[in-house]
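**Student:** Sharing a structure, written as structure tokens. Questions coming.
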Amino acid sequence: MMRLGCILKNARGKESRVQFARKLELSYTFVRAMEHGLRFPSDKVLLEIAQRLNENPENLLLAAYCDRSPLLADVLEGRGVAIPEGEPEANTQAATPAADPLTPQTNPATVRPIQAIRAHAPF
């Protein structure tokens, strides 16, 4: 599950998604899509969600932007910025690292470009 999705799901707790969407004044389908990482809200909507949930807006913004850009998450983590973590979905089987060729730990070729970008990036 994506970082923003985890924050929203944790904030929702045992409340139904329909009730949660009403509290946020958003559609059920949009809330569901955000929880599953299929849609990303605008900054304005993120700030409204944070206000309605009494959440720190910085956490929602960081989570949403790091979901959009794994490279940004890598750069921020490299600079020591604490990024909200995503959690695996409860109903899905977690793949072992060897089973997933895109996992950076098992495929160094996927890590090199990020390291190369970081080495040459001006930030």
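**Student:** Would you check which residues across region 12-39 are within 15 Å of the chain's Cα centre (by Cα) and either among the basic types (Lys, Arg) or closer than 15 Å to Arg52 by Cα (or both) and list them?
**Tutor:** Across region 12-39, the qualifying residues are Val31, Arg32, Arg39.
**Student:** Provide a single number: the residues in region 50-69 that are in a helix (DSSP H, G or I) and touching a residue at least 12 places away in the same chain (Cβ under 8 Å).
**Tutor:** Going through region 50-69 one residue at a time, the tally reaches 11.
**Student:** Something else now. How many residues are assigned to a loop (DSSP other than H, G, I, E, B) and either modelled with pLDDT under 95 or aliphatic (A, V, I, L, M) (or both) when one looks only at region 26-40?
**Tutor:** 6
**Student:** Failed condition for Ala21, given (1) free of Cβ contacts under 8 Å to residues at least 40 places away in the same chain; (2) crowded, with 17+ Cβ neighbours inside 10 Å; (3) assigned to a loop (DSSP other than H, G, I, E, B), with all others met?
**Tutor:** Condition not satisfied by Ala21: (3).
The values are calculated or read from the model by the stated rules, or taken from the named source; none is laboratory data. As the structure is a computational prediction, the values presented were derived from the model and not from experiment. All Cβ positions, even for glycine, are placed from backbone atoms using ideal geometry, and neighbour counts span all protein chains on display.
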